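Take a look at the structure set out below.
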């Protein structure tokens with residue numbers, strides 16, 4: 001491509017240093033700032049839905065309390081635990097990459113992906129459960145538990161599906177990125193001098209976990225009394 | 001007299017020998033363009049695509065004005081609704097938002113700070129592909145018959161009642177938003193991390209400051225409109241009720257989320273234009289920008305305050321009076337940084353050696369038209385007058401004064417200023433002056449009558465109007481024709497100049513700034529050797545008294 005023609009000599013020093021950076025530090029700093037900037041964007045992306053949640057929850061407080069009663073708190077709790085474990089294994093993967101431990105890195109990445117898949121599996125089961133109970137907003141919606149909130153409850157269930165669904169989409173993207181890292185780790189691409197992708201994708205993964213840490217209490221726990 | 005007399009034009013008619021290597025001739029073939037990671041080539045890809053979209057949106061504008069030449073309209077009301085909606089959607093999301101940042105910003109920002117490229121060249125290319133994908137969806141919506149919701153996609157019309165291609169258009173806007181986010185992200189990281197030695201924050205050209213502020217709005221605002229459009233799409237497909245009052249949903253919530261982005265978005269559109277004007281005025285006054293710190297700070301001020309004024313779009317749509325009062329006050333406040341810029345530009349010209357080259361003519365037009373656009377904005381942020389004016393052509397005229405009179409004119413100023421840098425060749429100056437004049441005349445003829453129409457109470461977005469408004473409407477349509485011609489002329493002579501114009505040296509305007517110290521056109525990595533900056537921006541030296 002254009003740049004390799006003009007500056008082949010610069011590429012020889014460090015195979016991971018891109019042609020337009022002065023040194024590896026500048027490259028890592030740029031990547032880190034870029035990732036954090038991207039995460040700010042993500043916060044605002046979810047922020048729109050959190051705003052909708054706050055407004056409707058304050059408008060229809062009782063209906064929202066009624067809907068949180070039908071949420072499956074044990075499964076949500078298990079999923080929270082699973083995600084926290086995946087964050088740990090992700091952090092270990094970054095650590096392993098920095099230390100250049102190939103095997104530990106592969107194992108941590110596989111563990112992270114395993115936890116991610118478990119989370120999505122549990123989530124799918126929950127969705128299926130909601131489907132069977134006719135809790136998907138729309139023409140087939142039924143809410144015998146509190147028929148007086150038939151209308152307003154649909155809004156909460158929509159927010160539930162939209163927010164957890166958007167979160168699940170991010171998890172699936174994350175699994176794709178982890179696969180990419182796994183291939184790189186298998187080929188011993190990352191080590192003490194170059195671990196930027198592992199660290200950046202790690203940041204993304206932690207962010208997705210943190211979103212869930214907010215979703216779980218808001219959608220499952222608040223108003224859930226037993 | 002010295003400064004004027006010694007100013008060479010920098011043109012040369014010398015026959016072209018072997019052309020030195022530059023970013024345009026470094027590699028050849030369509031792959032070298034479609035797979036390029038060079039910010040300058042990506043800027044040209046963007047320039048080409050947004051020009052296409054501009055002429056598509058412009059065609060809709062001409063058809064809208066054609067329709068309004070007769071009180072009952074030429075087309076059916078349904079067609080008219082689609083025409084003005086598609087005009088708005090194409091112009092706002094596919095021309096105005098990416099226009100200056102993705103083209104001139106992309107081209108110049110790395111050079112101005114002494115970098116070899118943006119921080120993430122591949123993400124830069126990705127953003128262009130995302131833009132093209134989004135535009136493809138918009139074009140698909142147009143081809144299938146268009147959208148009739150207005151560019152704002154207001155619920156419940158967009159979610160329940162509209163029979164047009166809302167999903168395709170909204171998806172196109174959603175996708176194009178990510179291209180905008182990636183551009184903003186790239187700019188922010190580049191300005192933070194890629195500055196050359198000595199290029200401190202206080203030495204950044206104001207064009208760079210403006211783009212940094214724009215980048216902040218892009219990354220903070222765009223995701224919010226993205227989620228708003230996702231919710232509209234879900235509501236439209238699945239009727240889940242989030243904006244549907246029948247199940248307790250609130251259509252006005254959509255307006256809040258939408259304007260949380262779309263008001264700051266108008267600053268995405270105007271801030272880069274202000275950056276261009278700062279550069280142009282300083283160069284053609286041969287003087288350092290007056291109040292550099294204040295202009296830089298006012299860009300940041302606009303970016304911050306811009307997020308706090310969205311409620312002024314909703315004074316008459318179910319917002320409490322007290323909310324209205326707060327938003328009204330904050331909207332007045334955002335006029336302050338804009339006024340700071342205008343006064344500082346005037347002060348820059350004061351006692352400068354002002355010349356009337358075509359970029360400067362556009363800058364003059366910008367100051368006048370933007371000032372009118374800005375001041376009429378105060379009428380709209382005043383609660384009492386807003387109630388009368390909000391639904392009328394006054395808003396249309398105000399918006400176009402800022403967006404066309406401000407942003408498009410600034411874009412033309414920038415294109416003319418940096419065209420020799422981009423192409424290495426000079427355009428025909430008499431034609432450029434003529435086009436600038438024609439833009440100014442055509443623009444005023446189009447939009448001044450609309451202020452009067454709005455003041456007289458002609459509602460916007462209606463397909464018919466009482467016969468007594470016809471004269472002013474015909475005037476406006478005549479102006480639109482002139483304006484249309486005035487936009488086509490620069491396309492012709494700028495394209496001609498690219499291939500046949502006389503070659504220019506590094507610095508045809510004798511301007512200050514790193515971009516004028518590299519070759520025209522620049523080499524692929526901009527600099528042979530990373531420069532070290534040792535002086536302030538706009539160091540034009542002491543002004544010499546021009547006597548008689």
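Every number here is computed from the coordinates shown, using simple stated rules; none is lab data. Everything numeric in this text was worked out from a predicted model, so none of it was measured. When we count neighbours, we look across all protein chains shown, and the Cβ atoms used for this are built from the backbone with ideal geometry, even at glycine.
Going by C-beta contacts inside 10 Å, put B:493, B:350 in order with the fewest on the left.
B:350, B:493
Taking the alpha carbon gyration tensor of the stretch B:290-422, what are the square roots of 5 times its eigenvalues, largest first, to the nearest whole Å?
After scaling each eigenvalue by five and taking roots: 31, 17, 12 Å.
From zero up to wherever the largest Cα-Cα distance of the stretch A:170-226 sits, split into 10 Å bins and tell me the percent of pairs in each.
Binned Cα distances yield the sequence 21, 37, 22, 13, 7, 1.
What do you get for Rg/Rh of the stretch B:268-336 when both radii come from the Cα atoms and Rh is the Kirkwood radius?
The Rg/Rh ratio comes out at 1.15.
I need the calculated FRET efficiency for the pair residue B:22 and residue B:356, taking r as the beta carbon distance and R₀ as 30 Å, to the nearest 0.05.
Computed FRET efficiency for residue B:22 and residue B:356: 0.50.
Given the Cα-Cα distance of residue B:72 and residue B:294 and 0.36 nm per residue of separation, how much length would full extension add, in nm?
Gain in length upon complete extension: 74.9 nm.
Angle between the Cα long axis of helix B:321-349 and the longest principal axis of chain B, 0 to 90 degrees, nearest 10?
20 degrees
Suppose R0 equals 35 Å. What FRET efficiency, 1/(1 + (r/R0)^6) with r the Cβ-Cβ distance, do residue A:129 and residue A:179 give to the nearest 0.05?
Computed FRET efficiency for residue A:129 and residue A:179: 0.75.
How much mean residue ellipticity at 222 nm does chain A get from its helices, if each DSSP H run of length 4 or more adds -39500 (n - 2.57) and you divide by all residues, to the nearest 500 deg cm²/dmol?
That calculation yields -25500 deg cm²/dmol at 222 nm.
On a 0 to 90 degree scale, rounded to 10, what angle separates helix A:196-216 from the longest Cα axis of chain A?
10 degrees
Treating each Cα of the stretch A:74-226 as an identical point scatterer and ignoring solvent, apply the Debye formula and state log10 I(q)/I(0) at q = 0.17 Å⁻¹.
Each listed q corresponds, in turn, to -0.91.
Can you tell me the Rg and the Dmax, both Å, for the Cα atoms in the protein assembly as shown?
Values for the protein assembly as shown (Cα only, Rg and Dmax): 27.7, 91 Å.
So how many Å³ per residue does the convex hull of the Cα atoms of the stretch B:128-268 work out to?
It is 109 Å³ per residue.
Just the C-alpha atoms of the stretch B:445-489: what Rg/Rh do they give, with Rh taken as the Kirkwood radius?
Over the Cα atoms of the stretch B:445-489, Rg/Rh equals 1.03.
At a 10 Å Cβ-Cβ cut-off, how would you order B:38, B:293, A:209, fewest neighbours first?
Listed from fewest to most nearby Cβ atoms, that is B:293, A:209, B:38.
When the Cα centres of the stretch B:53-109 and the stretch A:127-197 are compared, how far apart do they sit, in Å?
Answer, in whole Å: 38.
Quick check on chain B: helices-only [θ] at 222 nm, where DSSP H runs of length 4 and up contribute -39,500 (n - 2.57) each and the sum goes over total residues. Nearest 500, please.
Value at 222 nm, helices only: -21000 deg cm²/dmol.
Mind jotting down the distance between the C-alpha centroids of the stretch A:53-112 and the stretch B:473-545, whole Å?
52 Å
If every alpha-carbon in the stretch B:92-192 counts as one equal scatterer, what log10 I(q)/I(0) does Debye give at q = 0.22 1/Å?
For the stretch B:92-192, the Cα-only Debye profile gives -1.03.
Rounded to two decimal places and with Rh computed the Kirkwood way over Cα pairs, what is Rg over Rh for the stretch B:35-516?
Ratio value, two decimals: 0.95.
Rank the residues A:214, B:254 as a footprinting-exposure proxy: fewest other Cβ atoms within 10 Å of their Cβ go first.
Fewest to most other Cβ atoms nearby, the residues stand as A:214, B:254.
To test your reading of the geometry: what angle, between 0 and 90 degrees and rounded to tens, separates the Cα axis of helix B:358-381 from the longest principal axis of chain B?
30 degrees
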